[in-house]
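Participant: Starting off with a structure, shown below.
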Amino acid sequence: MDYEQLMIETKMACHERQACRNGYEMLLRSKNVQEILLTAVKNWDDVWRSKYYDIVADNIERWFYGLEQEFHAAGIYVNEETNKGIAIVSRPDKILSYGGRAKVYVFAKAHIVASDHAEVYCRDENSVVELYDHAYGKIDDGLVMANDCSEVESKGKCICHEQSKVYAMGGVLYDHGHSRLNIANGVEIIKS
């Protein structure tokens with residue numbers, strides 16, 4: 001993968017998904033791989049929440065390998081542990097741990113351990129996320145375990161302990177303790 005090929009593929013994705021004008025203009029001004037990646041970072045909500053999720057999930061590893069230095073310079077890490085930047089988890093071969101201020105986006109089955117002030121965003125039903133310290137999780141699917149003073153918004157299975165703050169929006173909640181609990185209608189609660 002090189003600059004030209006990455007630019008062609010990202011422009012095609014923008015046309016296919018009708019990118020916002022500002023983001024597309026930023027992309028067109030990109031003169032190197034790092035600038036393309038910084039455009040993605042600045043428009044990350046579009047990438048993660050809707051338009052480009054499946055494109056990134058299908059291609060991130062192919063884009064990353066050979067361009068690791070450029071990705072790292074833009075603050076993007078793929079299937080790597082980090083304490084900063086954006087971590088994309090696509091096909092990990094081990095349990096991955098994150099701390100500091102890392103923002104972790106889980107695209108495929110994974111086991112993630114987050115601590116300190118790391119944030120984890122997960123849309124994969126087969127993933128397991130463990131939150132410690134003051135970590136935050138927005139877990140749309142999968143299993144999350146909230147420990148210490150962590151905070152979680154969960155739509156899947158959630159196990160909470162200690163002083164965790166839980167916003168259960170769906171699924172099942174296994175309540176072993178918490179400091180704050182908000183529950184949507186229809187959430188099954190199992191207390192210990």
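FYI, it's all coordinate maths here, none of it is from the lab. All of these numbers come straight from a predicted model, not from anything done at the bench. In this analysis, Cβ positions are derived from the backbone assuming ideal geometry, glycine residues included, and neighbour counts consider all displayed protein chains.
Participant: Taking the Cα centre of each part, how many Å lie between region 3-35 and region 166-192?
Facilitator: The two parts, judged by their Cα centres, are 42 Å apart.
Participant: Could you list which residues have their amide H under 5 Å from that of LYS138, counting only those 5 or more apart in sequence or on another chain, with H placed in the peptide plane?
Facilitator: Amide H neighbours of LYS138: VAL120, TYR121, CYS122, GLU153.
Participant: Cα gyration tensor of region 87-178, axes a ≥ b ≥ c as square roots of the eigenvalues: rounded (a/c below 1.5), prolate (a/b > b/c) or oblate?
Facilitator: oblate
Participant: Trypsin sites (Lys or Arg not before Pro) within region 88-177: which are DSSP loop residues with at most 13 other Cβ atoms inside 10 Å?
Facilitator: When the trypsin sites (Lys or Arg not before Pro) of region 88-177 are filtered for loop state and at most 13 Cβ neighbours within 10 Å, LYS94, ARG101 remain.
Participant: Now for a different question. Quick one: P(r) of the chain from all Cα-Cα pairs, 5 Å bins, percents rounded to integers, in order of increasing distance.
Facilitator: 2, 8, 16, 19, 17, 13, 10, 7, 5, 2, 0, 0
Participant: Over the chain, with a Gaussian network built from C-alpha contacts below 10 Å, which listed residue (HIS15, HIS72, HIS161) shows the highest mean-square fluctuation?
Facilitator: HIS15
Participant: Here's something else I'd like to know. Set the Förster radius R0 to 41 Å, insert the Cβ-Cβ distance between SER192 and TYR53 as r into 1/(1 + (r/R0)^6), and round the FRET efficiency to 0.05.
Facilitator: That pair, SER192 with TYR53, gives E of 0.70.
Participant: Among the lysines, select those whose C-alpha is under 17 Å from the C-alpha of LYS31, and discard any that sit fewer than 8 residues away in the same chain.
Facilitator: Result set, ordered by chain and number: LYS11, LYS42.
Participant: In degrees from 0 to 90, rounded to the nearest 10, what is the angle of the helix 3-17 Cα long axis to the longest principal axis of the chain?
Facilitator: 60 degrees
Participant: First select every other residue whose beta carbon is under 9 angstrom from the beta carbon of ARG180; then total the charges, Lys and Arg +1, Asp and Glu -1.
Facilitator: My count for the surroundings of ARG180 gives 0.
Participant: Then there's this: Cα axis of helix 33-42 to longest principal axis of the chain: angle in degrees, 0 to 90, nearest 10?
Facilitator: 40 degrees
Participant: Then there is this: Each residue of region 152-160 in order: what ³J(HN,Hα) in whole Hz does its phi give by Karplus 6.51 cos²θ - 1.76 cosθ + 1.60, θ = phi - 60°, with x for Gly and Pro?
Facilitator: 9, 10, 10, 10, x, 9, 10, 10, 10
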